[in-house]
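Beneath this line is the structure, given in structure tokens, with notes to follow.
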Amino acid sequence: MSEFRAGHHAFLWNLEKRILPDIAKHLPRWVTPDTLTVFGLVGALFVFVGYVASNLAPAFLGLACLGLVMNWFGDSLDGTLARVRNQESPRYGFFVDHTADLITQILVGLGLGLSRYIELPYALLLLTAYLAFVGHTFIRAHVFKTVQIAYYSVGPTETRLALIIANLILFFLPGLVLARPVSGLPVTVADFVCLAIAIFSFGALLFHIYQDWQALLKEESLALRSK
């Protein structure tokens, strides 16, 4: 995978690019990239438990927020630490990192759907939309030799931050979020927002696929004319 480029265009990428190497340089030697990957997965498990336990008490949303921060720390720093210490292993790192990401995405999506706030079908629809972008990312990686980290300036870090903000809204404004948006509509505001984001995501993905298709069609047409 060393010939692949990384497509970083997220809102917070420039900030992370400055602070992550400094954090990695100050980590103790016993902390390895794999240690950070496991730490991130433990964070994802905390998110899952926090969402499910919110059925017992809304305060468990705090555990979900903690898990999201842990997941960001582990997921963002494992590759950075390997680069800082010149311990990069592109194929192994790619496999471990993206496998951990897949497990994280499933845990967070299922946890949200098993919480007291979002009905499972809407959470699974949102998870499907997210995984569809992930699938498209790997298709693009093969075709364009670019691993697209963010789409429309939104990447994993921005997604985690949005979830933390959503958790705070769910905790502090439950009356607003859980109210029904339209009389007789069988969804809460939280469900409706989840559904709207999923529909928008599918639409954005289709638009992105169309753009890539047009670019490839143009390239292929030029290649055929040059023969």
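Would you check which residues across the stretch 14-33 are closer than 26 Å to Tyr92 by Cα, of a type outside the set (S, T, N, Q) and surrounded by fewer than 16 Cβ atoms within 10 Å (Cβ to Cβ) and list them?
Across the stretch 14-33, the qualifying residues are Lys17, Arg18, Ile19, Pro21, Asp22, Ile23, Lys25, His26, Pro28, Arg29, Trp30, Val31.
Condition first: part of a loop (DSSP other than H, G, I, E, B) and at pLDDT 95 or above. Can you find one or more residues in the stretch 74-84 that meet it? Steps first, please.
To start, the set of residues in the stretch 74-84 that are part of a loop (DSSP other than H, G, I, E, B) comprises none.
Within the stretch 74-84, none of the residues are part of a loop (DSSP other than H, G, I, E, B) and at pLDDT 95 or above.
Can you name every residue in the stretch 109-153 that is touching a Cys at 6+ places or on another chain (Cβ under 6 Å) and either among the charged types (D, E, K, R) or not in a loop (DSSP other than H, G, I, E, B) (or both)? Show your work before the answer.
Keep residues of the stretch 109-153 that are touching a Cys at 6+ places or on another chain (Cβ under 6 Å), which gives 118, 122, 126.
Once the filter is applied, which keeps residues that are touching a Cys at 6+ places or on another chain (Cβ under 6 Å) and either among the charged types (D, E, K, R) or not in a loop (DSSP other than H, G, I, E, B) (or both), the stretch 109-153 yields Tyr122, Leu126.
Could you count how many residues in the stretch 201-216 are surrounded by 12 or more Cβ atoms within 10 Å (Cβ to Cβ) and more than 13 Å from His136 (Cβ to Cβ)?
Qualifying residue count for the region: 2.
I'd like to check something: does the stretch 130-146 contain any residue that is among the charged types (D, E, K, R) and buried (at least 17 other Cβ atoms within 10 Å of the Cβ)? Walk me through it before giving the result.
Looking only at the stretch 130-146, we keep the residues that are among the charged types (D, E, K, R), and these are 140, 145.
Pick out the ones that are also buried (at least 17 other Cβ atoms within 10 Å of the Cβ) and you get 140.
Yes, the conditions are met somewhere in the stretch 130-146.
Which residue out of Val52, Val47 is out of contact with any Pro (no Cβ under 7 Å at 6 or more places or on another chain), in a helix (DSSP H, G or I) and surrounded by fewer than 20 Cβ atoms within 10 Å (Cβ to Cβ)? If you could, list the steps in order and put the result at the bottom.
On the way: Val47 fails: surrounded by fewer than 20 Cβ atoms within 10 Å (Cβ to Cβ).
Going through Val52, Val47 in turn, the sole match is Val52.
From Val69, Val108, which residue is within 14 Å of Pro156 (Cβ to Cβ) and either at pLDDT below 95 or surrounded by 21 or more Cβ atoms within 10 Å (Cβ to Cβ) (or both)? Show your work before the answer.
Details: Val69 fails: either at pLDDT below 95 or surrounded by 21 or more Cβ atoms within 10 Å (Cβ to Cβ) (or both).
Exactly one residue qualifies, and that residue is Val108.
Quick one: in the stretch 112-168, of everything that is closer than 28 Å to Leu15 by Cα and of a type in the set (S, T, N, Q), which residue is farthest from the chain's Cα centre (by Cα)?
That would be Thr146.
Those residues that are free of Cβ contacts under 8 Å to residues at least 12 places away in the same chain, within 25 Å of Leu56 (Cα to Cα) and out of contact with any Leu (no Cβ under 8 Å at 6 or more places or on another chain), I need them from the stretch 71-126; list them, please.
Residue satisfying the conditions is Pro121 alone.
The values are calculated or read from the model by the stated rules, or taken from the named source; none is laboratory data. Please read these numbers as outputs of a predicted model, since none were measured by experiment. Positions of Cβ are backbone-derived with ideal geometry, glycine not excepted, and every protein chain shown enters the neighbour counts.
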